[in-house]
Amino acid sequence: MTNLQLIEENYMEKKEKLYEGKAKIVYSTEDPGLVIQHFKDDATAFNAAKKGTVANKGVMNNKISTKIFQFLEKEGIPTHFEKYLNDREMLIKKVEIVPVEVIIRNKAAGSLSRMLGLKEGAPLAATVLEFCYKKDELNDPLINEYHIKALRLASEEEINQIKRYTLKINELMSKFFANLNLELIDFKLEFGRYKGKIILADEISPDTCRLWEVGTGKKLDKDRFRHDLGNIEEAYQEVLSRIEK
Ligand code: TMP
């Protein structure tokens with residue numbers, strides 16, 4: 001196939017902007033079941049109290065997310081991923097996002113360390129699964145399954161499915177990154193409803209995971225931006241290079 005044919009094959013016309021978030025934009029397409037997810041270089045932290053841009057971040061996160069979604073699909077996890085379109089865009093299924101962020105923690109870090117007074121990197125005797133209510137005005141508060149049901153954010157059956165997928169994804173991704181000499185400390189997932197079923201949505205990237213280099217403990221994720229550690233672009237590039245090897 002020539003380059004031009006490839007470009008044509010991957011071309012999808014964007015119709016209208018449906019949603020713009022902190023790091024991504026979603027556009028409609030001529031197909032009502034599919035939308036385009038566009039990755040920006042914008043970075044925010046602490047509910048957008050800190051703002052900046054990271055050169056090329058959108059391009060790297062689009063590629064990293066693509067690889068991880070393809071890997072998870074191959075391992076039997078249904079995701080919204082359809083097709084890599086170009087540097088900053090992927091075609092995805094149009095889902096109704098469940099307004100709950102699901103976090104897995106394999107070691108203490110970030111808000112768990114703050115909340116429970118644990119040292120960064122402290123081992124946990126068991127994996128921790130947390131839910132946060134996706135609501136910027138409230139700063140995405142930590143909630144539990146009773147809150148989810150009380151607010152009708154998801155049904156009991158949906159919560160159970162989300163938990164099963166999340167724990168399986170943790171197993172799969174922990175191994176995936178261990179093979180790249182990276183330790184998956186924690187990560188955040190979002191799920192959506194598609195044709196009555198729960199599927200994995202959003203993105204999986206160094207914006208949404210904590211990844212530490214095995215041996216050195218070097219942080220290769222958004223904590224470099226959150227805490228002004230420098231070399232942010234290099235860290236994301238390092239993750240991408242290891243995935244592409
Ligand atoms: P936390 O320790 O700040 O609660 O973050 C836990 C994990 O979730 C970490 O890998 C970063 C990710 N995360 C997001 O993807 N989006 C968010 O808005 C927050 C707060 C965390």
Query raised in the report: Hey, any hits in the stretch 204-221 for a residue that's on the phi > 0 side of the Ramachandran plot and without any contact (Cβ under 8 Å) to a residue 12 or more places away in the chain?
Result: no
Report task. Taking the options GLU158, GLU101, name whichever one is within 13 Å of the ligand (Cβ to nearest atom), of a type in the set (D, E, K, R) and either open to solvent by less than 80 Å² (accessible area, probe 1.4 Å) or not in a helix (DSSP H, G or I) (or both). Result -> GLU101
**Report entry** Residue under evaluation GLU30, criteria (1) within 15 Å of the ligand (Cβ to nearest atom); (2) surrounded by fewer than 18 Cβ atoms within 10 Å (Cβ to Cβ), criterion not met
**Finding:** (1)
Query raised in the report: Applying the selection to the stretch 174-189, what residues are open to solvent by 10 Å² or more (accessible area, probe 1.4 Å) and within 23 Å of LYS83 (Cβ to Cβ)?
Result: PHE176
Query raised in the report: Looking at LYS67, LYS50, LYS63, which one is in contact with a helix residue (DSSP H, G or I) (Cβ under 8 Å, 6 or more places away or on another chain), open to solvent by 30 Å² or more (accessible area, probe 1.4 Å), on the phi < 0 side of the Ramachandran plot and within 16 Å of the ligand (Cβ to nearest atom)?
Result: LYS50
Report task. Give the number of residues within the stretch 104-143 that are within 11 Å of the ligand (Cβ to nearest atom) and either hydroxyl-bearing (Ser, Thr, Tyr) or more than 21 Å from ARG226 (Cβ to Cβ) (or both). Result -> 2
Report task. Would you check which residues across the stretch 198-236 are outside any loop (DSSP other than H, G, I, E, B), open to solvent by less than 40 Å² (accessible area, probe 1.4 Å) and away from the ligand (no atom under 16 Å from the Cβ) and list them? Result -> ILE198, ILE199
Query raised in the report: With respect to ALA55, is the statement that it is of a type in the set (A, V, I, L, M, F, W, C) and surrounded by fewer than 16 Cβ atoms within 10 Å (Cβ to Cβ) true?
Result: yes
Requested in this report: Hey, can you tell me all the residues within the stretch 15-27 that are part of a loop (DSSP other than H, G, I, E, B) and surrounded by 14 or more Cβ atoms within 10 Å (Cβ to Cβ)?
Outcome: LYS22, ALA23
Report summary line: The residue from ARG152, ARG114, ARG105 that alone is charged (D, E, K, R), modelled with pLDDT of 95 or more and in contact with a helix residue (DSSP H, G or I) (Cβ under 6 Å, 6 or more places away or on another chain) is ARG105
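Residues are listed down the side, and each one gets a yes or a no for (1) at pLDDT 95 or above; (2) within 27 Å of LEU220 (Cα to Cα); (3) not small (Gly, Ala, Ser):
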{"position": "THR2", "(1), (2), (3)": "no, no, yes"}
{"position": "GLU9", "(1), (2), (3)": "no, no, yes"}
{"position": "GLY21", "(1), (2), (3)": "yes, yes, no"}
{"position": "GLY33", "(1), (2), (3)": "yes, no, no"}
{"position": "LYS50", "(1), (2), (3)": "yes, yes, yes"}
**Report entry** First in the stretch 36-52 and without any contact (Cβ under 8 Å) to a residue 12 or more places away in the chain, second anywhere and buried (at least 17 other Cβ atoms within 10 Å of the Cβ), Cβ under 6 Å, 6 or more apart
**Finding:** LYS51/THR44
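The values are calculated or read from the model by the stated rules, or taken from the named source; none is laboratory data. Worth saying up front: this structure is predicted, and the values here are computed from it rather than measured. Cβ sites come from the backbone with ideal geometry, for glycine too, and all protein chains shown count toward neighbours. Heads up: the accessible areas ignore ligands, DNA and RNA and are worked out on the full protein's heavy atoms, side chains in. Shrake-Rupley method; radii C 1.70, N 1.55, O 1.52, S 1.80 Å.
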